[in-house]
Each structure stands twice: as C-alpha cells, then as structure tokens.
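Engineer: One structure is given below, represented as structure tokens, and several questions about it will come after.
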Amino acid sequence: MRYCLIPAFAAAFVLKFSASATDFAIHDGDRVVFLGDSITEQRLYTTYIEAYALTRYPSWTLSFRNVGWGGDTSWLRQRAHPDEGRLFAAEGSTLDQLVEDSVGRGLARDVLPLHPTFVTVKFGMNDHSYQTFRPDIFRTYVRSQTEISKVLQAHQSRVTFLTPQPIEERRADPDKDVRNESLRKFSDGLKDVASKTGAGFVDQFDPYLGIMLSERARDGKAFIGGGDAIHPGPPGQTLMAWAVLKGLGASAIVSSATIDAASKTASTAQCRVEKVESNDGTISFDRTDDSLPWPIDKAAEPALKLAPVLDDLSWYDLKVTGLKEGSYTVSIDGEAAGTLTATELRKGWNLSNAPGPITQQARELLSHVFEKNNLYFSRWRNVQLQTFPSWVTGPELEARRDAELKRLDDLIAKQEAEINALRKSKTHHFEIKPVK
C-alpha cells in the first residue's frame, strides 16, 4: 500500500481509518474460492467482496471463483450425496469415515481443481435443517467443517469460515425464532472449529441480527434484507459483505485530499493532487487516486442507511479549508457530485458513491464482475458438470463439450481483461464553486 505526501496532521487520519494491506486476509496473487450454499450461489455478497479487493488493490493479481450450490451443507450434500441418516446416527471412527468420504469427494470435484490459495466457507443454513437445535446434526456439522479445513489446508489453502446470517421473518423478535437460536449455536461451534484448526473466522450473524433488532424496534414491519427470509437481496447481502470484509481485516481508506484554498496547496494520502487554482472564489484541481472507492450496487443503496458501510470500508475523503462561509457545488469533470457548506467541506466529505465519473467507473467494474461470475457459473454447472447418459456419449460429444468450455473460458478471460482495465484510476478535474 502506497501513501503520498502524508503530513503529521494527516497521520492520525490514516492510522484511524487504514489498516495495512498485510492485515487483509486476501493477498496479492491469491486465487480466491467462495464455497457455500444457495446464498453463496446468489453471487451477491461474494461479488461485492471481490469488487472491494479489485478496486482497493488495483496492482494486485487476483482471481475469484464462486462454487456455491443451493441446498448444500458442510458435508457437501449436493456434491457427494451421502446417506444423511447414517451420518447423523454415526459417531467416532464411523462418523470420521463417512465425513472424510463425503467432504473429500465434494472438494476434489469442485474446489481443489481450482488450486485455491484462499477459501471462504459459508455453511449452516441448510445444515441446521430449519428447526430446533439437534445435537446429532450439530456433531456432523462440526466434524464436516473440521474436515473441510483439514483438506484445504493440506492443499496449501488458507481457510476462513463465515457464519450464516440470521433468518429474517417478519416478526418483532427474530432473536427468539428457534431456527435462529439453532443457527447461533452452530455459529458458536464454528468459531471453536476455526480456533482448533487454525482457520479464520468471521461472525456475520451477530452484526446482521443487531441491525434487524434495531430496525424492528423502530418499525415492527421493517424488513432489512430484501429478497426472502433465507436469501437476502442486494441490501442484505451488502450488509453481509460489510460484516465479512471487516472480519477479514479490510481497511476503510481509499484516499484523502485536503485542499487549502488560501494557500492553494494540498496534503494527500494515497492520491496525487496537482494544478490547485483559485479564481473568483472557485477552487479547482486535478486529482489522481491510487485506487477506486468500493462500488455499491445501485439496488443495495438502502443498506447504506442501516450500517456505516462507507465509513468502515470506503473512505474517499475530500476536505477544503479556507473557504468563505456559504454553500458550494462540487463537480468532477463537469458533472455535479454534491452541494455542501463550507463547514461540511472543512470537516471532510466522503465522496464514495457520490454521483459522477468515479462512481460510474467503479459501478461499471462491478457490472463486469457480475457478468464474469455468471459466465463462470454457466461454465461450471451447465457444461463442465453436465453428465451425458451412456447411450449418447462419444468422442464427438466430448469434443463439443470441450469447444463450449473453451468458448466460455475465452468470454471469462475477456471480462477479466475489462475488469483489470477498469481497476486503473484516472485523473479527474475537480471544481468547488460557490452557490450564487
């Protein structure tokens, strides 16, 4: 992570809002795989996490693949199809053997061929079977999560376990829902698994539940997630990504620029400011940032009112001192970004998600990440894993499959090239003009 021209007064700001890149669980060169159930398969929270890493660290070489599967569990039910009656009844060495077989086959097919260096694992929603806590299922869950960590670490992959988010029924007391009480116990057990196996752990259950309870207290009919009770839509999955990224050690600071209108000078962190000019009360300058702010899905913007998402993860700061009292319009490359008072500009304004070309570029990147992930899902599920009946197999059919895999791989590579081009920041012209 590079800093530009950090004066003493800015150091406190950087220390408050920035963590070292080494604190972030995702590293330069990582091949990241998201393993989970239908909530992962939705390709929402995972795409938001991916977009954060891509925009915050544009010089890093990163790849991301999502292998979520609807209805799946920690024993990889949808991939290995074990006898769950036997699993839940088993203990000791018998349970070990059943879990090792099921988890081993599932990972060998869908995860290990991707040669991941970092895997997030998000199970629990289907594991607890939407019912009161059952010790027999919990035993299988703990043993299976332990096996996932063991196998992935044996293949040189770092592992971080994610708890599920709570179920959101339209009731005043979601914390008293027996299914959420069960999920809480599963989440606590997962924390113990992480501690014993040396894996990472992120609890998104408590932050999400806290927001739900707060909103229910304000409005008994509030529904924060969008989507349905089990599958949050973009607002809920943005809250999930917020909790997960914080748990992964993600930093807030994008960049910071303080403009002194009187002296026409600038102090910056992680950006460069040039050509500071003042003319008839209007301040203008060119700003080039080291990275882009975190793109927020347009459909997810309600989440910004529920949690300090941008303050915690995308602090793209502009301060202007020495202005006469009054209101000012801020424009970027001639496009209006906002109207603020001199006092507000003096305190600092987080431009993340403000209208204008910077947010547009970040959102364009996000759209390409979505498209790439949709292409990979189609490649993996609809082509790679397609099983042909024995009476229609043959060299010609396999050749057609290989050709389709190559076609999709080429489209994925094209999207990734577009994404990498969009990760690069541009120089933008800012104007701060008094409102007449």
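Engineer: Estimate the FRET efficiency between Leu405 and Glu274 by the formula 1/(1 + (r/R0)^6), using the beta-carbon distance for r and 51 Å for R0, to the nearest 0.05.
Structural biologist: Details: r = 48 Å, r/R0 = 0.94.
The formula returns an efficiency of 0.60 here.
Engineer: Binning at 5 Å from 0, report for segment 141-242 what percent of all alpha-carbon pair distances ends up in each bin.
Structural biologist: Histogram of Cα-Cα distances, whole percents per bin: 2, 13, 22, 20, 16, 13, 9, 4, 2, 0.
Engineer: Same structure, new question: Would you calculate the convex hull of the Cα atoms in segment 324-436 and tell me its volume per residue in Å³?
Structural biologist: Here the figure is 109 Å³ per residue.
Engineer: Relative contact order, percent, of the chain when contacts are C-alpha pairs under 8 Å separated by at least 6 residues?
Structural biologist: Numbers: 813 pairs, mean separation 73.3, N = 436.
Answer for the chain is 17 percent.
Engineer: Another question about this same structure. Could you tell me whether segment 180-321 comes out rounded, prolate or oblate from its Cα gyration tensor? Rule is a ≥ b ≥ c as square roots of the eigenvalues, rounded for a/c under 1.5, then prolate if a/b exceeds b/c, otherwise oblate.
Structural biologist: Prolate is the answer for segment 180-321, as a/c is 1.5 or above and a/b outweighs b/c.
Engineer: Please report, to two decimal places, log10 I(q)/I(0) for segment 23-247 at q = 0.15, 0.16, 0.18 Å⁻¹ as given by the Debye formula with identical point scatterers on the Cα atoms and no solvent.
Structural biologist: -0.96, -1.09, -1.35
Engineer: Along segment 284-298, what does the Karplus equation 6.51 cos²θ - 1.76 cosθ + 1.60 (θ = phi - 60°) give for ³J(HN,Hα), rounded to whole Hz, x for Gly and Pro?
Structural biologist: 9, 6, 9, 10, 10, 9, 6, 8, 9, x, 5, x, 9, 3, 3
Engineer: Using 0.36 nm times the number of residues separating Asn382 and Tyr130, minus their current alpha carbon distance, what extension gain do you get?
Structural biologist: Extending this stretch completely gives an extra 87.8 nm.
Engineer: Find out how many positive minus negative residues lie around Gly70, taking Lys and Arg as positive, Asp and Glu as negative, among other residues whose Cβ is under 9 Å from that of Gly70.
Structural biologist: Counting the neighbours of Gly70, the net charge comes to -3.
Engineer: Go through Leu54, Gly68, Ala90 and say which Cα lies farthest out towards the positive end of the charge dipole of segment 42-92; charges sit on Cβ, +1 for Lys and Arg, -1 for Asp and Glu.
Structural biologist: Sorting the options by dipole projection puts first Leu54.
Engineer: Starting at the first residue of segment 211-228, write each ³J(HN,Hα) from the Karplus equation 6.51 cos²θ - 1.76 cosθ + 1.60 with θ = phi - 60°, in whole Hz, x for Gly and Pro.
Structural biologist: Running phi through 6.51 cos²θ - 1.76 cosθ + 1.60 with θ = phi - 60° gives 5, 4, 5, 5, 6, 5, 5, 7, 8, x, 9, 4, 9, 7, x, x, x, 10 Hz.
Engineer: For a quick protection proxy, order the peptides 408-416, 244-252, 198-206 by their average other-Cβ count within 10 Å, most packed first.
Structural biologist: Per-residue mean Cβ counts within 10 Å order the peptides as 244-252, 198-206, 408-416.
Engineer: Still on this structure: What FRET efficiency do you get for Ala154 and Lys426 if R0 is 51 Å and r is their Cβ-Cβ distance, rounded to the nearest 0.05?
Structural biologist: The formula returns an efficiency of 0.70 here.
Engineer: Here's another thing I want to ask about it. Based only on other Cβ atoms within 10 Å, what is the fewest-to-most ordering of Trp315, Trp242? Working shown, then result.
Structural biologist: Working: Trp315 23, Trp242 30.
Ascending Cβ contact count within 10 Å gives the list Trp315, Trp242.
Engineer: Cross-link partners among aspartates and glutamates for Lys426, C-alpha distance below 18 Å, same-chain residues fewer than 8 apart left out?
Structural biologist: In chain and number order, the partners are Glu274, Asp286, Asp289, Asp290, Asp317, Asp333, Glu335, Glu364, Glu418.
Engineer: Separate question: List the lysines whose Cα sits under 27 Å from the Cα of Lys221, skipping any in the same chain fewer than 8 residues away.
Structural biologist: Reachable lysines: Lys176, Lys185, Lys298, Lys305.
Engineer: Of the peptides 139-149, 274-284, 304-314, how do they stack up when ordered by the mean number of other Cβ atoms within 10 Å, highest first?
Structural biologist: Working: 139-149: 23.2, 274-284: 13.6, 304-314: 18.6.
Taking the mean over residues of other Cβ atoms within 10 Å, the ranking is 139-149, 304-314, 274-284.
Engineer: Right, next: About the Cα centre of the chain, what is the dipole size in debye to 20, counting +1 per Lys and Arg Cβ and -1 per Asp and Glu Cβ, all else neutral?
Structural biologist: Working: 53 positive and 57 negative charges, 74 e Å.
Taking the Cα centre of the chain as origin, the dipole is about 360 debye.
Engineer: Using a cut-off of 12 Å between beta-carbons, work out the net charge of the residues near Leu313 (Lys and Arg +1, Asp and Glu -1, Leu313 not included).
Structural biologist: 0
Engineer: Right, here's the next one. Give me the percent of DSSP beta bridges within segment 289-365 that run antiparallel, rounded to the nearest 5.
Structural biologist: Around 100 percent antiparallel, to the nearest 5.
Engineer: If you add up the charges near Ser352, with Lys and Arg at +1 and Asp and Glu at -1, over every other residue whose beta carbon is less than 10 angstrom from its beta carbon, what do you get?
Structural biologist: Overall, the nearby charge balance is -2.
Engineer: Turning to a different aspect of this structure: In whole angstrom, how long is each semi-axis of the equivalent ellipsoid of the chain, when you take the square root of 5 times every eigenvalue of its Cα gyration tensor and sort them from largest down?
Structural biologist: Over the Cα atoms of the chain, the semi-axes work out to 44, 26, 19 Å.
Engineer: Between segment 162-179 and segment 57-82, what is the separation of their alpha carbon centroids in Å?
Structural biologist: 24
Engineer: Along segment 94-107, what does the Karplus equation 6.51 cos²θ - 1.76 cosθ + 1.60 (θ = phi - 60°) give for ³J(HN,Hα), rounded to whole Hz, x for Gly and Pro?
Structural biologist: 5, 4, 4, 5, 5, 5, 4, 5, 5, 5, x, 5, x, 5
Bear in mind these aren't lab numbers, they're just calculated from the coordinates by the rules spelled out. None of these values were measured; they are calculated from a predicted model. Glycine also receives a Cβ, built like all others from the backbone with ideal geometry; neighbour counts cover every protein chain displayed.
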